[in-house]
Amino acid sequence: MPVRRASALLAVVLAVALTVAANQTPTPDVVVAMPNKEGSLKFGVLGDFGMGDQRQYQMAEQIVKTWQAFKFPLMITVGDNLYGSERPQDFRSKFEDPYKALLDGGVVVQASLGNHDAREQKDYKPFHMNGQLYYSFKAPAQNVRFFALESTYPVPEQIVWFEKELKNSNEDWKIVFFHHPLYSSAGRHGSDTSLRQKLEPLLVQYNVSVVFNGHDHVYERIKPQQGITYFVCGSGGQFAGGDLDPKSPITAKGYDKDNAFLIAEIIGDDLTFNTVSKTGQIVDSGVIKRRGAK
Amino acid sequence: MGIPRSSIAVAVTVLLFATGCERDNPQKDAPVTSKNSPQLVERQATIGSPDRSVVEEFNRRVNQYVLLQQQAGSSLKKLSTKATPEEIDANQRALLALVAKARADIKQGDIFVPDMQTFIRGLVRRVLSGPDGGKMKSSLMDENPMGVKIAVNDRYPDTIPLSTMPPDILAALPKLPDELEYRFVGNRLILLDTKAHLIVDFVSDTFDI
């Protein structure tokens, strides 16, 4: 019967189509949160996110899902927290609304500023900058100190301050975050070599283990440079598909196919990290040993 | 053996005329005198640092501005550490209005006086012509659009990202009080009041695009 044949054919086509679709749609990984142990320091890293658009909100949903499985109490931002206008309502639509669950859940956001951020953000309470463009703070767990820099305006006083803070820091882990990447294989901006000249000697000298940056709208983990691991986490809302140089010799792992953010956990001398895409795929993971660890 | 002064005068005049002809509309938004013409300025400023008196005069004018800003803003309620974005925004706009009113008669070049403009143009060009100048310039021009209209006492354009300042340029410029920052808008170096979001003054054509 022609009708039966047509139905059978349709069923076969449908089955094939579903199979193909199932293979093409990324199956979200269950975010198995690393060790996810009591007493560890858990934190998230987010950059270049404050667009107020659908992409940012979708990424934010994934961040919330991840947080539900891996309750990080701290999130650092590597700048470009708000794009475009910064009217009061923008703070809501580009920050407070998308991350409401995190903020309501007590996640403390410690921000650094990017080139799209107005200076007034330093006074915006939920960013916990206490009116300072650059600052440092001791992490709520483990022996860790974070240093937030303001890389669009690296005045000599800031460099002097940074060296003093590093010198006075007794913490095992020194983690630095700011907007402009000292190393990046992205085509849009790439490595900021003049900033690198000023900062890298200090990072090396004072045993900084990890540096988080943004600015380029991709994810990239750089092969350790003089012992330091650099991350570009600039696709928290913005996205520059295909912007990474696939032949870059400095890339340890890159991801420029979708938005991503990073979660990390420190226990003793180990920092474990997962980089999670907008669809929940773990696109990079690993363990970094603290510099100077025995 | 000295070169006759008249020959130098002729040469400078010819140079000014010749280079002036290269531009259709030199420094459209900045009054330029023969004294601070960028073409001549470039030659003068590469000679070295500015006189101490130039920097002192600049600092004096900057401090005068800060005093004016503080006085103008004294009537405003001090922002608490718990200020909301609404309060921060309202405070900033109110401060801008008060400062702009208090210095309504100010002109471009009143803080960056001609000698200071000369120094700045020379400095920027010198840094950008160094070995890393190309990279520095691209970093500086990154998301830094040309052709944006700016004026003294205007609010810094909301949709324009802040330019990234090369550390070498910042290190060579006179230190500013906390209320102020140097930034580039296109190839213009502006003095930005970060509390009022106000363009205090600017120098045009600090480098060639």
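The values are calculated or read from the model by the stated rules, or taken from the named source; none is laboratory data. Computed from a predicted structure; not experimentally measured. For neighbour counting, all protein chains shown are included, and Cβ atoms are generated from backbone atoms with ideal geometry for every residue, glycine included.
Brief remarks on what is shown
- B:Glu181 vs. criteria free of Cβ contacts under 8 Å to residues at least 24 places away in the same chain and on the phi > 0 side of the Ramachandran plot: no
- Answer residue from the stretch B:146-162, given it is in contact with a Leu (Cβ under 7 Å, 6 or more places away or on another chain) and of a type outside the set (D, E, K, R) and is modelled with the lowest pLDDT among those: B:Tyr156
- Counted residues, the stretch B:92-105 - those being more than 13 Å from every other protein chain (Cβ to nearest Cβ) and either over 27 Å from B:Arg61 (Cα atoms) or touching a strand residue (DSSP E or B) at 6+ places or on another chain (Cβ under 8 Å) (or both): 2
- Candidate set from the stretch B:71-91 (those that are surrounded by 13 or more Cβ atoms within 10 Å (Cβ to Cβ) and over 20 Å from A:Asp90 (Cα atoms)); member that is farthest from the other protein chains (Cβ to nearest Cβ): B:Ala72
- Filtered by the rule that a residue be among the aliphatic types (A, V, I, L, M), surrounded by fewer than 23 Cβ atoms within 10 Å (Cβ to Cβ) and touching a strand residue (DSSP E or B) at 6+ places or on another chain (Cβ under 9 Å), the stretch A:145-174 gives A:Val155, A:Leu166.
- Of the strands (runs of 3 or more DSSP E) contained entirely in the stretch A:35-147, those carrying at least 3 residues that are of a type in the set (A, V, I, L, M) and at pLDDT 95 or above fall at A:41-46, A:74-78, A:108-112.
- Filtered residues of the stretch B:138-162 (kept if within 7 Å of chain A (Cβ to nearest Cβ) and in contact with a helix residue (DSSP H, G or I) (Cβ under 9 Å, 6 or more places away or on another chain)): B:Ser139, B:Leu162
- Single condition B:Gln108 does not satisfy, out of (1) within 15 Å of B:His197 (Cα to Cα); (2) buried (at least 16 other Cβ atoms within 10 Å of the Cβ); (3) not hydroxyl-bearing (Ser, Thr, Tyr): (1)
- Condition met for B:Ile169 (more than 8 Å from chain A (Cβ to nearest Cβ), under 15 Å from the mean Cα position of the chain (by Cα) and among the aliphatic types (A, V, I, L, M)): yes
- Search result, residues across the stretch A:186-220 that are of a type in the set (Ser, Thr, Tyr), touching a residue at least 24 places away in the same chain (Cβ under 8 Å) and part of a loop (DSSP other than H, G, I, E, B): A:Tyr206, A:Ser209
- With respect to (1) out of contact with any strand residue (DSSP E or B) (no Cβ under 7 Å at 6 or more places or on another chain); (2) within 13 Å of chain B (Cβ to nearest Cβ), the lone exception for A:His180 is condition (1).
- Pick from the stretch A:192-211, criterion of a type in the set (Ser, Thr, Tyr) and facing chain B (nearest Cβ under 9 Å), ranking: surrounded by the fewest Cβ atoms within 10 Å (Cβ to Cβ): A:Thr193
- The stretch A:85-135 - residue that is surrounded by fewer than 21 Cβ atoms within 10 Å (Cβ to Cβ) and of a type in the set (Ser, Thr, Tyr) and, of those, nearest to the other protein chains (Cβ to nearest Cβ): A:Ser85
- If you go through the stretch A:148-185 and pick out every residue that is assigned to a helix (DSSP H, G or I) and of a type in the set (A, V, I, L, M, F, W, C), you end up with 5.
- Given (1) more than 18 Å from the chain's Cα centre (by Cα); (2) within 11 Å of another protein chain (Cβ to nearest Cβ), number of the condition A:Lys164 does not satisfy: (2)
- The set of residues in the stretch B:93-110 being of a type outside the set (A, V, I, L, M) and in a helix (DSSP H, G or I) consists of B:Arg93, B:Lys101.
- Residue match in the stretch A:151-158 (condition: facing chain B (nearest Cβ under 10 Å) and small (Gly, Ala, Ser)): yes
- Leading residue by the ranking (farthest from the other protein chains (Cβ to nearest Cβ)) among those in the stretch A:136-150 that are small (Gly, Ala, Ser) and closer than 17 Å to A:Val78 by Cα: A:Ala139
- Residue in the stretch A:67-80 that is surrounded by fewer than 21 Cβ atoms within 10 Å (Cβ to Cβ), of a type outside the set (Phe, Trp, Tyr), under 19 Å from A:Asp284 (Cα atoms) and touching a residue at least 24 places away in the same chain (Cβ under 8 Å) present: yes
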